[in-house]
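Following: one structure in structure tokens, then a few remarks.
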Amino acid sequence: MPKIVIASDSFKGSLSSAEVAENIAVGLKSVWKDCKVLKVSVADGGEGTVDALRDSLGGRSVSCKVHDPLMRKIEAVYTILADDRTAVIEMASASGLTLLSAEERNPMRTSTFGTGEMIADALSKACDRFLVGIGGSATNDGGMGVFSALGYRFLDRDGRQLPPCGESLLQVAGIDCSRVNPRLHEAVFTVACDVDTPFCGREGAAYIFAPQKGASSEEVEILDSGLENFASVISASLGRDISSVPGSGAAGGLGGAFLAFSDSRLKKGIDMVLDAIDFDSLIEGADAVITGEGRIDSQTFKGKTPFGVMCRARHKGIPVYAIGGCAELDGVSGISRLGSNGGYDRYYGRGFDCIVPAVSGEYDSELAMRKDIAERNVAAAAAFLAKEILGNLQ
């Protein structure tokens, strides 16, 4: 009895990872009734990661009151997994850019404080393992906000505590560790980080990301100087030089702050998720793996979910297939078009045996993203793909 593992990202705005897997399974079973299907929810550390890990590992959602990037009270949700010690947190739920209107976006003023409050809440519930996604931030505070909420005090030259936001970075002259949450010292953090951006400098957090968050060119320079100053104070106070560490500039310097102030390691988002669910063990003995995401394009091959899943499966010699809500692959290096068959475009290459978009040619994107339509299209594409897999495995 063939074993097929389904591990697809969500089709954002349409289907969750679990829903995609369920409809792929329906399509496979319509053609290949005897195959054994294992459905696994996955994500790449961004939106949907909390839900995917809860679906795969079990757990419960936890709601807590926190501050948004402009220090207004909101409610944020995170997950504590079934082991009762691992918290899964997406910083965007407390400190994300989408929480602000276009007019409110200003990384000189915004803070990651709310994300720190989520961590503090999980610590109070005896969590000592953290999986943290830091994509989609509205901030460039170097992580001052997170670690202020956890008890660190960042002081100016006169010993006064500074508000934890981007414009304070230049004024930091000292760090007071005397009031740090004692539970923080027992915690280990794995932080999803898919960029190599250093903490400061022309290729650092401020220059690369702050303009997207509302900073003017003058403010970018101020923020970068502030991050450079903050890194210098961290080095002098804690003996940790984070200024040029790849990934330390993620989320406006929050990646570097995790390295400086806690027991943390940065890891590619998809690897964080796949390691957490022990994906390598799950695919043992599989005859094929099917993955996917809403849009498969050139960005897919830069560490997104389908590419990460493919790399793990290929390492074990398992054929890999992908279904996309749509695909934009013509002209992508290393990808070849097999032509259309049965109304479906087919592609292969870069480690994939076959890539099939659920919709091809002219289509109404709004209609295609409607849940009932997307479910039907995914199941039909999977049925088509089942014939491809069946032919290759016989």
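Here are some notes:
- Enumeration of residues in segment 39-54 that are at pLDDT 95 or above and open to solvent by 60 Å² or more (accessible area, probe 1.4 Å): 39
- Odd one out for residue 118, checked against (1) under 21 Å from residue 265 (Cβ atoms); (2) hydrophobic (A, V, I, L, M, F, W, C); (3) out of contact with any Cys (no Cβ under 7 Å at 6 or more places or on another chain): (3)
- Applying the condition of being among the aromatic types (Phe, Trp, Tyr) and more than 23 Å from the chain's Cα centre (by Cα) to segment 131-166 and asking which residue is least open to solvent (accessible area, probe 1.4 Å) yields 154.
- The helices (runs of 4 or more DSSP H) located wholly in segment 297-394 that include 3 or more residues which are among the acidic types (Asp, Glu) occupy 371-393.
- Residue that is nearest to residue 106 (Cα to Cα) [pool: residues in segment 226-237 that are out of contact with any helix residue (DSSP H, G or I) (no Cβ under 6 Å at 6 or more places or on another chain), surrounded by fewer than 23 Cβ atoms within 10 Å (Cβ to Cβ) and touching a residue at least 12 places away in the same chain (Cβ under 8 Å)]: 228
- Test result for residue 8, closer than 26 Å to residue 87 by Cα and more than 19 Å from the chain's Cα centre (by Cα): no
- Segment 186-225 - residue that is surrounded by fewer than 20 Cβ atoms within 10 Å (Cβ to Cβ), in a loop (DSSP other than H, G, I, E, B) and charged (D, E, K, R) and, of those, modelled with the lowest pLDDT: 196
- Of the residues making up segment 274-292, those that are open to solvent by less than 10 Å² (accessible area, probe 1.4 Å) and of a type outside the set (Phe, Trp, Tyr) are 274, 283, 288, 289, 290, 291, 292.
- Among the numbered conditions (1) in contact (Cβ under 8 Å) with a residue 12 or more places away in the chain; (2) more than 30 Å from residue 110 (Cα to Cα), the only one that residue 33 does not meet is (1).
- Every residue from segment 152-170 that is closer than 19 Å to residue 138 by Cα, assigned to a loop (DSSP other than H, G, I, E, B) and out of contact with any Asp or Glu (no Cβ under 8 Å at 6 or more places or on another chain): 163
- Yes/no for residue 27 being buried (at least 18 other Cβ atoms within 10 Å of the Cβ) and in contact with a Cys (Cβ under 9 Å, 6 or more places away or on another chain): no
- Within this structure, residue 169 passes the test of being buried (at least 16 other Cβ atoms within 10 Å of the Cβ) and either touching a strand residue (DSSP E or B) at 6+ places or on another chain (Cβ under 6 Å) or farther than 28 Å from residue 276 by Cα (or both).
- Within segment 328-363, restricting attention to residues that are acidic (Asp, Glu) and either under 19 Å from residue 289 (Cβ atoms) or touching a helix residue (DSSP H, G or I) at 6+ places or on another chain (Cβ under 9 Å) (or both), the residue that is least open to solvent (accessible area, probe 1.4 Å) is 353.
- When restricted to residues that are in contact with a strand residue (DSSP E or B) (Cβ under 6 Å, 6 or more places away or on another chain) and either open to solvent by 20 Å² or more (accessible area, probe 1.4 Å) or modelled with pLDDT under 95 (or both), segment 96-130 contains 4.
- In segment 262-273, of all residues being of a type outside the set (Lys, Arg) and open to solvent by 10 Å² or more (accessible area, probe 1.4 Å), the one that is nearest to residue 234 (Cα to Cα) corresponds to 262.
The values are calculated or read from the model by the stated rules, or taken from the named source; none is laboratory data. Worth saying up front: this structure is predicted, and the values here are computed from it rather than measured. With ideal geometry, Cβ positions are generated from the backbone for all residues, glycine too; neighbour counts draw on all protein chains shown. Heavy atoms of the whole protein, side chains included, go into the accessibility calculation; ligands, DNA and RNA do not. Shrake-Rupley method; radii C 1.70, N 1.55, O 1.52, S 1.80 Å.
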